[in-house]
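Shown next, in structure tokens, is the structure this report addresses.
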Amino acid sequence: MKLYNIKENDEQVSFGQAVRQGLGRNQGLFFPSELPKFDDVDALLAEDFIPRSTKILSAFIGEELSQDTVKSMVENAFQFPAPIHAVKEGVYALELFHGPTLAFKDFGGRFMAQSLAAVTEGNEQITILTATSGDTGAAVAHAFYGMDNIKVVILYPKGKISPLQEKLFCTLGKNIHTVAVDGDFDDCQALVKQSFDDAELRKEVGLNSANSINISRLMAQICYYFEAVSQLPKEKRSDVVISVPSGNFGNLTAGLLAKSLGLPVKRFIAATNVNDTVPRYLETGKWEPKTTIPTISNAMDVSQPNNWPRIEELCQRLGWGLETLGKGAVTDEQSAETLKAMNAEGYLCEPHGAIAYRILEEQLNEGETGLFLCTAHPAKFKEVVDDILGGDLELPAPLAKHNAMELLSEDLANDFDALKAVLRKVQ
Ligand SMILES: Cc1ncc(COP(=O)(O)O)c(C=O)c1O
């Protein structure tokens, strides 16, 4: 598989290089040179999750890794299901929170760990630097925990992720170093990019990124869109609308890549909270990020979404007009109201999924089938959910275990030199 840097097109890399390197020159994202397409999607949908996902990922990776290798990577990474659940007639939740850290990031984080292991020499020293708005951190930390040659440094906005999200990855120790940055998620993401721009530092610590900057994470996420549609009754597969709760727009990028492979999706909806740079852009054609506002759907508190250039690139290459994307932004009050209404109808959700559901409900037409992505387990946002529903959610075992452990994070000013010192110290 060849990939090119969408900012500096002459930089062309293999899958292995893209996985190892994360980001290209001048902070350019890597994007596949060829966009494969399946002729017989019905046959693909008829397969089970693991063989189907192996075919999808092999179609992108090509001959660089054998199908057997990809199959064992998929088997090791995807050890939990992605079920759909009928919330009401014609509307389904795609539950992506059945993995070890209870969020959709487990698919990408674990597949990236497998990919990195497949494309590096055993003794190569790597430092994975990643920014998280809450869930990536846990998935990456758990996927790489205890790997001898890999140090993981995770930046998160101090006080701006849920306490349980924080406990899940800031209590591990060993090769996992967690850093609470005095800033918001966009600041954390900017520090990561700045580190990648520093060629000397990059070489010195063997820098890699596990954000959705890394193409292997996005590719893994394509697979659950196919898995969702495969579970729909056949007569409901022709007019499917998928609503994606979006922050950094990796998940929507993966969905659009699934469509480019031939998955029959009529329309995607980019659903955000009030950090609505993309819905406003789709409305006005003006890219005008504002200061990030903290919300109860904190993992989507992003105003400079990193993956948007990949979406533009894909749409441009395939001649898809951006106006075909649905869009919508939801306030905290509306998210809470929706979550409450869903619960009254018998489905327990959390704020991110509730946002996707609300906009889907508003925009779904007669005869269409709706799917919305439930990106995290409600208990990860226990404080918020309990507050809205007036209940006391029980913690699933992994959360209860980590909740009882001591936080090991260090605080950091929003300052690149301070971060450089941390990266050197952990070696
Ligand atoms: C629970 C949850 N929902 C939605 C999102 C947004 O996904 P993306 O950043 O891929 O748009 C995130 C990202 O961190 C998340 O953790």
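Of everything in the stretch 251-275, what is among the polar types (S, T, N, Q) and outside any loop (DSSP other than H, G, I, E, B)? Give them in sequence order.
Result: 251, 253, 260, 272.
Inside the stretch 225-254, can you point out the residues that are within 10 Å of the ligand (Cβ to nearest atom) and small (Gly, Ala, Ser)?
The answer is 246, 247, 250, 254.
Could you list all residues from the stretch 19-51 that are among the basic types (Lys, Arg) and at pLDDT below 95?
Across the stretch 19-51, the qualifying residues are 20, 25.
Would you check which residues across the stretch 182-208 are surrounded by 24 or more Cβ atoms within 10 Å (Cβ to Cβ) and assigned to a strand (DSSP E or B) and list them?
Passing the criteria: only 208.
Can you pull out every residue in the stretch 320-343 that is among the small types (Gly, Ala, Ser) and closer than 16 Å to residue 386 by Cβ?
Of everything in the stretch 320-343, those that are among the small types (Gly, Ala, Ser) and closer than 16 Å to residue 386 by Cβ turn out to be 335, 336.
Kindly indicate whether residue 334 is part of a helix (DSSP H, G or I), more than 15 Å from the ligand (Cβ to nearest atom) and under 15 Å from residue 359 (Cα atoms).
yes
I need every pair where a residue in the stretch 246-268 that is surrounded by 19 or more Cβ atoms within 10 Å (Cβ to Cβ) has its Cβ under 9 Å from the Cβ of a residue that is of a type in the set (Asp, Glu), sequence separation at least 6 or different chains.
Cβ pairs passing all conditions: 247/301.
Take residue 352 and decide whether it is in contact with a strand residue (DSSP E or B) (Cβ under 7 Å, 6 or more places away or on another chain) and either part of a helix (DSSP H, G or I) or closer than 28 Å to residue 181 by Cβ (or both).
Answer is yes for this residue.
Condition first: surrounded by 24 or more Cβ atoms within 10 Å (Cβ to Cβ) and assigned to a loop (DSSP other than H, G, I, E, B). Now tell me which residues in the stretch 102-161 satisfy that.
102, 104, 132, 133, 134, 161
Inspect all residues belonging to the stretch 98-119 and state whether any of them is touching a residue at least 12 places away in the same chain (Cβ under 8 Å) and more than 22 Å from the chain's Cα centre (by Cα).
Taking every residue of the stretch 98-119 in turn, none turns out to be touching a residue at least 12 places away in the same chain (Cβ under 8 Å) and more than 22 Å from the chain's Cα centre (by Cα).
Just to be sure, is residue 95 in contact with a strand residue (DSSP E or B) (Cβ under 6 Å, 6 or more places away or on another chain) and closer than 18 Å to residue 222 by Cβ?
yes
So which pairs qualify, if the first residue must be in the stretch 281-295 and within 12 Å of residue 323 (Cβ to Cβ), the second must be among the hydrophobic types (A, V, I, L, M, F, W, C) and in a loop (DSSP other than H, G, I, E, B), the Cβ gap must be under 8 Å, and the two must be at least 6 apart or on different chains?
281/287; 282/325
Which residues, taken from the stretch 107-142, are of a type in the set (D, E, K, R) and more than 11 Å from the ligand (Cβ to nearest atom)?
Matches in the stretch 107-142: 110, 121, 124.
Is there any pair with a first residue in the stretch 302-329 that is farther than 23 Å from residue 358 by Cβ and a second that is buried (at least 20 other Cβ atoms within 10 Å of the Cβ) and charged (D, E, K, R) whose Cβ atoms are under 7 Å apart and which are 6 or more apart or on different chains, and what are they?
Listed pairs, sorted by first residue: 304/186.
The values are calculated or read from the model by the stated rules, or taken from the named source; none is laboratory data. Model, not experiment: these values are computed from the prediction. Glycine gets a Cβ as well: all are built from the backbone with ideal geometry, and neighbour counts include every protein chain shown.
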